[in-house]
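Trainee: Let me give you the structure first, and then I'll get to my questions.
All of the numbers you see were taken from the coordinates with simple rules; none came from a lab. Not measured: the values here are computed from a predicted model. All Cβ positions, even for glycine, are placed from backbone atoms using ideal geometry, and neighbour counts span all protein chains on display.
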Amino acid sequence: MQGIKERKSLRLIRSIDAVKEPTMKDRGKSSIGSDEYYRHVEHYAQQIRHTNDVDEIINILDLVLSETRGLQLNDEVDTAQEQVHHAEQKIELLKNEMEQLRELVHTDQMTGAFNRRGLEEIFVREAARADRKESSLCIVLLDLDDFKKVNDTCGHQFGDTVLMHLVAVAKETLRPSDIIARFGGEEFIILLPDIAMEAAVSVICRLQKTLAKQCLLQPDDQPLSVTFSAGVAIRRFGEHQNTVIKRVDEALYRAKHAGKDRVEAALT
């Protein structure tokens, strides 16, 4: 009971730079009791318990961390300062763990490219940005040529190496703002912001040439030149992801049936 009385007598003061939270916005620089502060943190905890959205949880933890870092303690109870510092460390650790979890949820673990869930979120973000700024967004769907033959001849482990090799070369060749995601199997989606169709086709052709030059050694030590076919489309204003992917899929189909190792522009 004595510890509870001490905690109730402790006063916590928001610093000027602390992030404001809606339930606290009118308090200004006034001090709050420790019990009131703990109730405030419990409010955040309730929000976390009622969401499965990792990004939302990280945002809530950011608010809690800002609140905790912004607190200044009176010197009445020295141990309280240690407790708040310890709480700050635990919140920071939890936030880092959640950010790592978000990476796992959005990333294809084998290749390091984004997975379909990550692609969906990034597409929404990039599409909104393109519409807002009235800028272009190119979507590329590529498919490795004769990949089934590679798996059947060299084994699935070597096939996995080919997929990882493609992503590594793409990340080296493309711009930092470009996004590559594994769409399924040996199919990948590339998002190219702020680029015209002609330039986008040129970029993907350059990726083809770079990939073909960097041969992989097969299990029998014979070199393998990896190629792919691709379809490219400019997203229309307000166009949904499924619609634009349908158009690039049709362009990819034409590239495959025209002899493979080709890039075809989608029909407008």
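Trainee: In sequence order, what are the phi-derived ³J(HN,Hα) couplings for the range 235-243 according to the Karplus relation 6.51 cos²θ - 1.76 cosθ + 1.60 with θ = phi - 60°, rounded to whole Hz, with x for glycine and proline?
Mentor: Ordered by residue, 3J(HN,Hα) equals 5, 7, 4, x, 6, 6, 4, 4, 5 Hz.
Trainee: Within 10 Å of each residue's Cβ, count the other Cβ atoms and sort Phe158, Phe228 from fewest upward.
Mentor: Phe158, Phe228
Trainee: Now for a separate question. Just list whichever of Lys149/Lys260; Lys213/Lys246; Lys148/Lys256; Lys148/Lys171; Lys133/Lys246; Lys209/Lys246 have alpha carbons separated by over 21 Å in the model shown.
Mentor: Lys213/Lys246; Lys148/Lys171; Lys133/Lys246; Lys209/Lys246
Trainee: How big is the Kirkwood radius of the range 116-265, worked out from every pair of different alpha carbons and given in Å to one decimal?
Mentor: Hydrodynamic radius (Kirkwood, Cα only) of the range 116-265 equals 15.7 Å.
Trainee: Which ordering of Glu120, Glu42 is given by a fewest-first count of other beta-carbon atoms within 10 Å?
Mentor: Glu42, Glu120
Trainee: For the range 116-265, build the charge dipole from Cβ charges (+1 Lys, Arg; -1 Asp, Glu) around the Cα centre, then report which of Ala258, Gln157, Val201 sits farthest towards its positive end.
Mentor: Val201
Trainee: Within 9 Å, Cβ to Cβ, of Arg262, how many net charges do the neighbouring residues add up to if Lys/Arg are +1 and Asp/Glu are -1?
Mentor: Its environment carries a net charge of +1.
Trainee: Moving on. Could you please rank Leu207, Leu142, placing first whichever residue has the fewest other Cβ atoms within 10 Å of its Cβ?
Mentor: Ordered by Cβ neighbours within 10 Å, fewest first: Leu207, Leu142.
Trainee: Continuing with the same structure: Starting from a Cα-only point model with no solvent, please compute log10 I(q)/I(0) by Debye for the range 187-266 at q = 0.13, 0.23, 0.26 1/Å.
Mentor: The Cα Debye sum returns log10 ratios of -0.45, -1.09, -1.27.
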